[in-house]
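In what follows, a structure is listed as structure tokens, so that the remarks can point back to it.
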Amino acid sequence: MLATSKRTIAASSLMEATMPAAPHAEANSGKSALPVSAFEMRIATSADEIEEAQRLRYQVFFEELGVRAQSKRSLLDVDEYDADCEHLIVREHATQQVVGCYRIMRPEIAARRGSYYSDSEFDLSRLHHLRSNMVEVGRACIHPDYRTGSVIMLLWSGIAKFMLENRYDYLIGCASVSLADGGANALSVHAKASNEWLSPSEYRVFPRHAFPLRGQASLAPQIPPLIKGYTRLGAWIGGDPAWDPDFNTADFFVLLSLSRMPKKYLNHFMSVG
């Protein structure tokens, strides 16, 4: 993942949406029951709005999840990729608070800067022919009071609309599994992914810093919401996970082709917001 040097997905993994790749507990607050009309979803248009997203990321990654920040002075989660990304935000009308966010990198921008974030964790050589049509998403976060329902749906909807409106066919990202249990669940998730969601060999990626696939797997995998969401939409897992020592996670590469997404989901995302 990232951090002030990291990447993604981690807050309510919905992704990660939570999307993101992080807390797995659902909120008990009544905020979760608010309708889609209680929120606005759009791409951030100012430095101040991007900073609001970075502040939410800090609250989730560092304050909630306990990742060790390099500096607490700004109370923002900022890294080298932010300036080259577009930032999808969800704002609650009543409080004017940004309660959800996602980071998007276009393929044209990745080509100009020389890499996606995912290139730092995986060798993507076998996807070279897709790079001009491949959008990377990450750094997904949802405020803990809003992790079911409308905010998750709006973020997914925003990503789907972004891809369709810009005629991109592939989405990539990293989904994380915590190693707090010593890696037992990550081994179990890897076994399930290898049996059910593994990409064809021609779309396989290779971790630059591999998570050691040894030890005792848990009896039943606890699949992070992000991986559940992606695979339900037809995504593949690209191979063995990378090890992220900063976040103490095993990171799985995800590849989703819009052509594999069930039409019922795509039509639903396009009708939201």
ask   = If only one of 110, 83, 160, 175 is under 19 Å from the mean Cα position of the chain (by Cα) and under 30 Å from residue 220 (Cβ atoms), which one is it?
value = 175
inquiry  = Conditions first: (1) of a type in the set (Val, Ile, Thr); (2) open to solvent by less than 20 Å² (accessible area, probe 1.4 Å); (3) assigned to a helix (DSSP H, G or I). Residue 172 passes all but one, so which condition is the exception?
reply    = (3)
remark   = Exactly one of 260, 204 is open to solvent by less than 60 Å² (accessible area, probe 1.4 Å) and within 21 Å of residue 107 (Cβ to Cβ), and that residue is 204
remark   = For region 121-146, the count of residues that are open to solvent by less than 60 Å² (accessible area, probe 1.4 Å), in a helix (DSSP H, G or I) and among the small types (Gly, Ala, Ser) equals 0
request  = Find all pairs meeting these conditions: Cβ atoms under 8 angstrom apart; at least six residues apart or on different chains; first residue within region 140-162 and of a type in the set (Lys, Arg); second residue in a helix (DSSP H, G or I).
outcome  = 147/32; 161/269; 161/270
inquiry  = Anything in region 213-230 that is open to solvent by 50 Å² or more (accessible area, probe 1.4 Å) and more than 20 Å from the chain's Cα centre (by Cα)? List them, or say none.
reply    = 213, 214, 215, 216, 219, 220
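Residues checked against (1) modelled with pLDDT of 95 or more; (2) open to solvent by less than 60 Å² (accessible area, probe 1.4 Å); (3) in a loop (DSSP other than H, G, I, E, B):
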residue	(1), (2), (3)
32	no, yes, no
54	yes, yes, no
62	no, yes, no
73	no, no, yes
77	no, yes, yes
88	yes, yes, no
96	yes, no, yes
102	yes, yes, no
110	yes, yes, no
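The values are calculated or read from the model by the stated rules, or taken from the named source; none is laboratory data. Small disclaimer: the values here were computed from a predicted structure and weren't measured. All Cβ positions, even for glycine, are placed from backbone atoms using ideal geometry, and neighbour counts span all protein chains on display. The accessibility values were calculated without ligands, DNA or RNA, using every heavy atom of the protein model including side chains. Shrake-Rupley method; radii C 1.70, N 1.55, O 1.52, S 1.80 Å.
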